[in-house]
1. Scan Leu146, Leu93, Leu71, Leu75 and give me the residue that is closer than 24 Å to Leu27 by Cα, among the hydrophobic types (A, V, I, L, M, F, W, C) and buried (at least 21 other Cβ atoms within 10 Å of the Cβ).
2. Out of Glu112, Glu84, I need the residue that is buried (at least 16 other Cβ atoms within 10 Å of the Cβ) and acidic (Asp, Glu). Which one?
3. All but one of (1) hydrophobic (A, V, I, L, M, F, W, C); (2) closer than 21 Å to Ser97 by Cα; (3) surrounded by fewer than 19 Cβ atoms within 10 Å (Cβ to Cβ); (4) at pLDDT 95 or above hold for Ala59, so report the exception by its number.
4. Could you check segment 157-179 and list, in sequence order, the residues that are in contact with a Lys or Arg (Cβ under 7 Å, 6 or more places away or on another chain) and of a type in the set (A, V, I, L, M, F, W, C)?
5. Just to be sure, is Val130 within 21 Å of Gly159 (Cα to Cα), in contact (Cβ under 8 Å) with a residue 24 or more places away in the chain and out of contact with any helix residue (DSSP H, G or I) (no Cβ under 9 Å at 6 or more places or on another chain)?
6. Taking the stated definitions as given, is Thr172 of a type in the set (S, T, N, Q) and crowded, with 16+ Cβ neighbours inside 10 Å?
7. Output the residue which, of all residues in segment 126-159 that are closer than 24 Å to Lys113 by Cβ and among the polar types (S, T, N, Q), is farthest from the chain's Cα centre (by Cα).
Amino acid sequence: MATGATIHTFEVQLADVDRGVYEELSLRVARHPSETDAFMATRVLAYCLEYEEGIAFGAGGISSTEEPAVLVRDLTGRITAWIEIGAPDAERLHFGSKLADRAAVYTHRDPEKLQQAWAGKAIHRAESVVLRSFDPRFVDAVVAVLARRNTMTVSVTEGQLYLELNGVAIDTAIQERRVA
């Protein structure tokens, strides 16, 4: 018998000073059985750091081949932002970059290894695809305090991420580079 998704809730206070975004969010996140806690934590952080009108988690999450883990749609339903999590292959990035106005990858993995895997492969507008990563110790600290019900404060200022998750304060620099 297949195991279903586990639902996690996040009550989020978001203050992204760098982008001028201040919101209160209530998120219900389905964690697929094959999805790691690190992947889910990175997916939730990407949602917060990319937050804008029309943002949503992809229909199938980790198991979907048609949509990324996080996406933004305009009022007509067209995908305007394709946001991948983890270590997507070059073909998937190429597809998403062609489909949407912008594409980004958020990873909890070694960004240099990802860039090596993509080197020499066709990725549409690779120079405009943003790769953002977090210190692995930061992700480990986030995973250590994850619960089924979470309260979270996310603050971003000058490229620094300050997170309070379930009463534990954690911070890291957001590393940013271009795919190509």
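1. Leu71 is the lone residue from the list that is closer than 24 Å to Leu27 by Cα, among the hydrophobic types (A, V, I, L, M, F, W, C) and buried (at least 21 other Cβ atoms within 10 Å of the Cβ).
2. Glu84
3. All conditions are met except number (4).
4. Here is the first cut: in segment 157-179, the ones in contact with a Lys or Arg (Cβ under 7 Å, 6 or more places away or on another chain) are 174-176.
Result: Ile174, single match.
5. Values: within 21 Å of Gly159 (Cα to Cα): yes; in contact (Cβ under 8 Å) with a residue 24 or more places away in the chain: yes; out of contact with any helix residue (DSSP H, G or I) (no Cβ under 9 Å at 6 or more places or on another chain): yes.
Yes, satisfied.
6. Judged against the criteria, Thr172 is a match.
7. For segment 126-159, the residue satisfying everything is Ser128.
Quick grid of which residues meet (1) of a type in the set (A, V, I, L, M, F, W, C); (2) in contact with a strand residue (DSSP E or B) (Cβ under 7 Å, 6 or more places away or on another chain); (3) under 22 Å from His8 (Cβ atoms):
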| residue | (1), (2), (3) |
| --- | --- |
| Asp37 | no, no, yes |
| Thr42 | no, yes, yes |
| Tyr51 | no, yes, yes |
| Glu67 | no, no, yes |
| Arg78 | no, no, no |
| Leu93 | yes, yes, no |
| Lys121 | no, no, no |
| Glu127 | no, yes, no |
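The values are calculated or read from the model by the stated rules, or taken from the named source; none is laboratory data. In this text, all values refer to a predicted model and were calculated from it rather than measured experimentally. Here Cβ is always computed from backbone atoms with ideal geometry, including for glycine, and neighbour counts include all displayed protein chains.
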